[in-house]
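Derivation of every value follows stated rules applied to the coordinates shown; laboratory data play no part. Here the structure is a predicted model, which means the values were calculated and not measured. With ideal geometry, Cβ positions are generated from the backbone for all residues, glycine too; neighbour counts draw on all protein chains shown.
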Ligand code: SF4
Ligand code: SF4
């Protein structure tokens, strides 16, 4: 993994979906991953129960795994609290890769880099042995490029999959040039792509990219490991299917690049357009009450100005898609309420 010098399994474990499991199931999913040879575990301070469950699953074999966690803190004080909490929940005295989470705009990157700011804190934690390597995660291409160019981060995590594939030409070469380890988040576009064979075979062709699929059930990781072990190379029929998939999804698929922003009505457009992926990953009570619910409320206020569509590099019919998503969310919310009442 770049200049960290860490060697990890070809596939990592993404720790978002285990929030939806019971604790017992979550622990056995992590244990199954370890048994299959996975040595890289990704989680975050913001993933509610994830760190604690991982901590329980890896207890007694801490030295066999690389644990990467994240802080979304904007202040040094909060970052200090987050790190202390992560260490406690993970039952460890060091984090292998400590990442700044979701650094998607200039202001946040500045807060990370400012003197005596978040990075300075992480560097001190590194000197104290609490953190071994420092990384950064982003969804925004320009910010990710700037972050790599600072040479302050040892790893970058960025969305990379068969459809959202800009990283292949725009970011990965830069990461290689700066010897920065590359972690691919959303290998299945957060659950929006369902052809695991094609999605993973696509990523396996980049031998220095570490995909970290979010895993909720043992069968999911077993399926991916089987692809890797049996035939990681794409056949010509699969290549044709990949081209068809890209073509079909291209006009209705939000890449979460946020080039459509700023929205006149402050609508978090990409969150709304990719809400199906949150539905697959978040516990239901959070999905209907948290960030996605707020995004849907905002989307219902769309002023129909069309400015976002002018800026979207994929020419998505954003207004039409926002309406569809709001309707879809309302229908799902009603079903959920009926289920809870029953
Ligand atoms: S059309 Fe709607 S979503 Fe797009 S910029 Fe205008 S208000 Fe925002
Ligand atoms: S709507 Fe278009 S510009 Fe906005 S995040 Fe999605 S793909 Fe990017």
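Kindly put 294, 127 in sequence by how many other C-beta atoms sit within 10 Å of each C-beta, fewest to most.
Arranged by neighbour count, lowest to highest, 294, 127 become 127, 294.
How long is the gain from residue 301 to residue 114 if the chain were fully straight, where each residue apart is worth 0.36 nm and the alpha carbon distance is subtracted?
Taking residue 301 through residue 114 to full extension adds about 63.7 nm, to one decimal.
For the residue pair residue 231 and residue 81, what label-to-label distance in nm results when each label sits 7 Å from Cα along the Cα-to-beta-carbon direction?
Distance between label points: 5.3 nm.
Please report the antiparallel percentage of the DSSP beta bridges confined to the chain, to the nearest 5.
5
Using a Gaussian network model of the chain with C-alpha springs under 10 Å, which one of 44, 175, 300 is most mobile by mean-square fluctuation?
Maximum fluctuation in the GNM of the chain, among the listed residues, is at 300.
So if I take the alpha carbon set of segment 104-171, get Rg, then get Rh from the Kirkwood formula, what is the Rg over Rh ratio?
With Rh from the inverse mean 1/r over Cα pairs, Rg/Rh is 1.02.
Kindly list the residues of segment 270-306 that lie in the label zone of residue 340, defined by a backbone N under 12 Å from the point 7 Å along the Cα-to-C-beta vector.
Under 12 Å, as judged by backbone N against the label point of residue 340, lie 284-290 of segment 270-306.
Which whole-number percentage describes the relative contact order of the chain, with Cα contacts under 8 Å and a sequence gap of 6 or more?
After rounding, I find 15 percent.
Going by average Cβ neighbours within 10 Å, how do the peptides 115-125, 151-161 rank, with the highest at the top?
Sorting 115-125, 151-161 by mean packing, highest first, produces 151-161, 115-125.
Please state the shape class of segment 216-342: rounded when a/c is under 1.5, otherwise prolate if a/b exceeds b/c and oblate if not, all from the C-alpha gyration tensor.
oblate
Taking 0.36 nm per residue of separation and subtracting the Cα-Cα distance, what length does fully extending residue 241 through residue 166 add?
That pair, residue 241 and residue 166, stretches by 25.1 nm at full extension.
When the chain is modelled as a GNM with alpha-carbon springs shorter than 10 Å, which of 137, 235, 164 fluctuates the most?
Among 137, 235, 164, the largest GNM mean-square fluctuation belongs to 235.
Along the Cα-to-Cβ line of residue 106, 7 Å from the Cα, sits a label point; which residues in segment 144-158 have backbone N less than 17 Å from it?
Under 17 Å, as judged by backbone N against the label point of residue 106, lie 144-150 of segment 144-158.
Can you tell me which of 227, 212, 97 moves the most in a GNM of the chain? Springs connect C-alpha atoms under 10 Å apart.
227
Report the Cα centroid-to-centroid distance between segment 274-333 and segment 60-98 in angstrom, as an integer.
32
Taking a quarter of the surface of the convex hull around the Cα atoms of the chain, what do you get in nm²?
Averaged projected hull area, Cα only: 17.5 nm².
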